[in-house]
Each structure stands twice: as C-alpha cells, then as structure tokens.
Amino acid sequence: MQSPSREELLAVWKAEERAMRDHLSTPGTMTLAQVAGMKPADFFNGISRGEFPHPPFGALVDFIPIEFSDGRFVFQGTPDGRHYNPLGSVHGGYAATLLDSCMGCAIHTMLKPGQGYTTTDLRVSYVRALRGDMGPVRAEGKVVHVGRSTAIAEGRIYDVDDRLYAVGSTTCLILQMPNSL
C-alpha cells in the first residue's frame, strides 16, 4: 500500500482539526473534584464531544486535542505571529507548552479516578525552529512509566513530513485528591 502524499496527509490533519474544533465547546474549566472523580477516558471523551469545556489555555495558545488512548495523547497547533519572540521566530515556550501538555495528558490517561498529577520536571531539547509559515505541528506524548507516586513520559513535536522540531521528557508527581474538594 502506498503512503499518502504530503498534500493528502496535510488535508487529513486539517480535516481532523476542523472536525475536532466543530465538536469542542466554549473554553472553560471544571472543578478539580469533578475531574478527579472521573475516569480519564470519560473526561477526555467529554471534552472531545463538547460535553465539557475545553481548557482556556488551549484556546489562548490555539492548540487542540486530536486523539488519545491509554498512555498516549496528541495535540495539534499551528504556530503563527502570535507565538513569535522578539527575534522573529516562534518562542521556545510554545514548543515547551505543547510538550508539557501532551506528556501530562498522556500520564493523565493512565490515572485512576481520585488521582491527579502535577509536573515536577520538564526537559525540552529543541531540534529546529518552528516558524509561522510552516502549517500544523503535532505534539505526541507517550507514557514511559507510572508508579505509585511518580510518572514519566516522553514527547515529540513533528510536522506532516515527520520532521522533528523538539523532544521532551517529564516527571509528574501523582496526587491523591481529597474527597472534600
């Protein structure tokens, strides 16, 4: 079977983004108790179906969830002039934010109801600069390890040509959420 061309793959990525944007509700938040009381799949499916608000930070930076499964999470965004630093290129914080989000959400998919997490360490290696004229990129996070108190994930940012822009890893502290939140 022949691999899709760049144009075909780009069309698929854009169509998947449009379809997800059509389903997302307005930006907003839920309480920590509401989120902690759910199975991660129910939470992320609720966002994907527009039943729960999608996080305001994703709207601010303009990236959206594309797909997830146990131990894996993919976001897509298109860097543009809003993400530039004073030197005229996309700020490294954009890539760091995408990586922190995809890796943290990958870890979240593996948690039990009543558990939460927070990033304790984030490492990013930049491979090449992101530009505002390059089109969409994907940030894919994968879980490496989930223990009782910590979890580790790795991530990468790539484009439709599978060019690598940044890689990262994270350690997250797993938290037991109190019932009284």
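Fully extended, how many nm does the chain gain between residue 70 and residue 6 (0.36 nm per residue separation, minus their Cα-Cα distance)?
My answer for the length gained is 20.2 nm.
For residue 142, list the lysines whose Cα falls under 19 Å from its own Cα; do not include residues on the same chain fewer than 8 positions away.
39, 112
Please sort by residue number the chymotrypsin sites (Phe, Trp or Tyr not before Pro) in the range 23-107 whose DSSP state is loop and whose Cβ has at most 16 other Cβ atoms within 10 Å.
When the chymotrypsin sites (Phe, Trp or Tyr not before Pro) of the range 23-107 are filtered for loop state and at most 16 Cβ neighbours within 10 Å, nothing remains.
Kindly state, to the nearest 0.05, the FRET efficiency for residue 38 paired with residue 60, given R0 = 30 Å and r defined as their beta-carbon distance.
Efficiency at R0 = 30 Å is approximately 0.80.
How do the peptides 130-142, 97-109 rank, highest first, by the average count of neighbouring beta carbon atoms within 10 Å per residue?
Per-residue Cβ counts within 10 Å, averaged per peptide and sorted highest first, yield 97-109, 130-142.
Quick one: net charge around residue 95, please, counting Lys, Arg +1 and Asp, Glu -1 for every other residue with C-beta under 11 Å from its C-beta.
With Lys, Arg at +1 and Asp, Glu at -1, the net is +1.
Name the residues whose placed amide hydrogens come within less than 5 Å of the amide hydrogen of residue 130, ignoring near sequence neighbours (fewer than 5 apart) on the same chain.
90
Report, by chain and number, residues whose modeled amide H sits under 5 Å from the one on residue 25, excluding near sequence neighbours (fewer than 5 apart, same chain).
Result for residue 25 returns 50, 54.
Please work out, to two decimal places, the log10 of the ratio I(q)/I(0) at q = 0.13, 0.17, 0.18 Å⁻¹ from a Debye calculation in which every Cα of the range 1-136 carries one identical scatterer.
Debye output, listed in q order: -0.63, -1.04, -1.14.
Throughout, read-outs are computed from the coordinates displayed, never taken from laboratory work. What you are looking at is a predicted structure, and each value in this text was computed from that prediction instead of being measured. For neighbour counting, all protein chains shown are included, and Cβ atoms are generated from backbone atoms with ideal geometry for every residue, glycine included.
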